[in-house]
Structures are given as C-alpha cells and as structure tokens.
Amino acid sequence: MSGIRTEVSSGVMTIVLNRPEKKNAITNAMYGEIADALNHAASDPSVGAVLLRGEGADFCSGNDIGMFAEASAGTVDIHESNTGTFLTAITTFPKPLVAAVTGRAIGVGVTMLFHCDLVYVAHDCQLRTPFIDLALVPEAASAYTIPARIGHVTAFALFALGDPIGADEAVALGIANRAVPAAEVAGIAAAAAKALAAKPLSALIATKRLMRDAEAIAAAIDAESQAFADQLKTPEAAAAFAAFAARKAPRA
C-alpha cells in the first residue's frame, strides 16, 4: 500500500501522509512518493497550491528510524535513498505550499514546515526536533531556515534540548499562522489553499521566489547532508538507534 494519498480539487493537490499506524513516520518509499507528487503538482497547470496533512491523529513523527539504523549499520547508503529527491522537491517547489498540523510533528515533520508558505496547527499539537538526541544533525536546510525564522538561541534550544513547542508558541515564533481546534485544522488549511489557488499563479510564484534565498537553502542542504551521513557512522548514533529499538521492542 502506498504511504501517501493524493487528490486534486478546486486547483489544490492534497498530499496525505497515509501511515497512521506509525504516526505517519516517513519511509524511503514515501520520500519518493512525496517528491513525485510535488513534481507533478509543480508541472500541472491545473494545480495552483498544495496542501500537506497527515492521516489520523498525527501530522508526521519524522523519518522512519529503521532507515537511519540501516544506514548506521552500513547496510544502506543514505546518499542513495530518496531523501535527496524529496528535499530538492520540497525546497524548490514553486507554488504555494500549505500545511495542516495535528498531534505530533517530529524531526522532518517540523523541518518541512519551514518550506511551507502557510501553516495551521491544532491547539494540542507538539513540535520537536530531537536530532541531537539521536546523535544526528538537523536536515532539510533547517540549520539555516530555523535560526533565520526564530533566532539562534531559540533554534539551538529546539535542536539541542529537544523540548517540544506547543501551538501557541509556534504561532508566537512565526512557525505557524494560526492555532485552531484539531477538528478544524484540515478544513481551515484547505480553505486557505483553495483561496491561494484562485489567485494569479504567476504572481504567487514570483513572490515566493523573491522571498526565499534558494542558494542559501541549497548550500545548507549540501552541508547538512554530509554532516548527517558522517554522524550516522558514529558510535553515538549506533547506540542511540539501539536504545530506540529497545524501547520500541514488544514486551513478553
């Protein structure tokens, strides 16, 4: 079964992370599917905006930890995964990108929000970036985008301490536009995406391009990708993934 679901209506492509039993943790296959959907939306003149949301209670619990564990063990090469394709697709997506965030957003579930143009969060959502707890470094250009948005000290606390950010703080920091009841997030985000899709697309694309430093984002991704791959090879990362697996193992 595909890890995502897409639909197009009123000029909006909705991409649904469709792995609720795993809190929508993203697998290697899903990275490729999301990239394909974004690339299709970018080239389809009938699509004026894209909405990202998760199926079930949570938006996205981050990268499927199994991929990291395999890369740490040397059984897969992270550079040959679909993560690079996904990062290119989402960081260069030219049209408006809207996110509806419910429940938990962890790791890439947070960092991808900094490439979205409008973000709506549920009152009870929690955002966390526990990269350092896994002996890793930030990804998706977030070492650049997050400090640029919320300041160095707040960004460093988010990365290094791993404490969650709630909905009200996310709005106050400029990560999200509005905090609304969980039952209303998808509808409000969809209405915003529909409103964007009805506007002059060329002007939206030009405005988004002018507002983003494409070269800085690309440079951050290159630097992070190498540092991330290096960290995956460290004993600290291996120990962190083993500890994570032990916590998740079923008990007799």
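The values are calculated or read from the model by the stated rules, or taken from the named source; none is laboratory data. Keep in mind it's a predicted model, so treat the numbers as computed, not measured. So basically every Cβ, Gly included, is an ideal-geometry build from the backbone, and we count neighbours across all protein chains shown.
Quick rundown of the values:
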{"quantity": "Extreme residue, farthest from Ile188 (Cα to Cα), among residues of the range 50-93 that are in a loop (DSSP other than H, G, I, E, B) and touching a Phe, Trp or Tyr at 6+ places or on another chain (Cβ under 9 Å)", "calculated": "Ser81"}
{"quantity": "Tally, over the range 140-168, of residues that are surrounded by fewer than 23 Cβ atoms within 10 Å (Cβ to Cβ) and out of contact with any strand residue (DSSP E or B) (no Cβ under 8 Å at 6 or more places or on another chain)", "calculated": "17"}
{"quantity": "Yes/no for Pro130 being under 28 Å from Ala240 (Cα atoms) and not in a helix (DSSP H, G or I)", "calculated": "yes"}
{"quantity": "Residue in the range 104-139 that is nearest to Ala192 (Cα to Cα), counting only those that are among the small types (Gly, Ala, Ser) and buried (at least 21 other Cβ atoms within 10 Å of the Cβ)", "calculated": "Ala122"}
{"quantity": "Positions within the range 28-77 being hydroxyl-bearing (Ser, Thr, Tyr) and closer than 20 Å to Ala242 by Cβ, in sequence order", "calculated": "Ser61, Ser72, Thr75"}
{"quantity": "Verdict on Met30 being under 27 Å from Gln226 (Cβ atoms) and either in contact with a strand residue (DSSP E or B) (Cβ under 6 Å, 6 or more places away or on another chain) or assigned to a helix (DSSP H, G or I) (or both)", "calculated": "yes"}
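This table checks each residue for (1) at pLDDT 95 or above; (2) in contact with a helix residue (DSSP H, G or I) (Cβ under 8 Å, 6 or more places away or on another chain).
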{"residue": "Arg5", "(1), (2)": "yes, no"}
{"residue": "Arg19", "(1), (2)": "yes, yes"}
{"residue": "Gly54", "(1), (2)": "yes, yes"}
{"residue": "Phe59", "(1), (2)": "yes, yes"}
{"residue": "Asn63", "(1), (2)": "no, yes"}
{"residue": "Phe68", "(1), (2)": "no, yes"}
{"residue": "Lys95", "(1), (2)": "yes, yes"}
{"residue": "Gly103", "(1), (2)": "yes, yes"}
{"residue": "Ile106", "(1), (2)": "yes, no"}
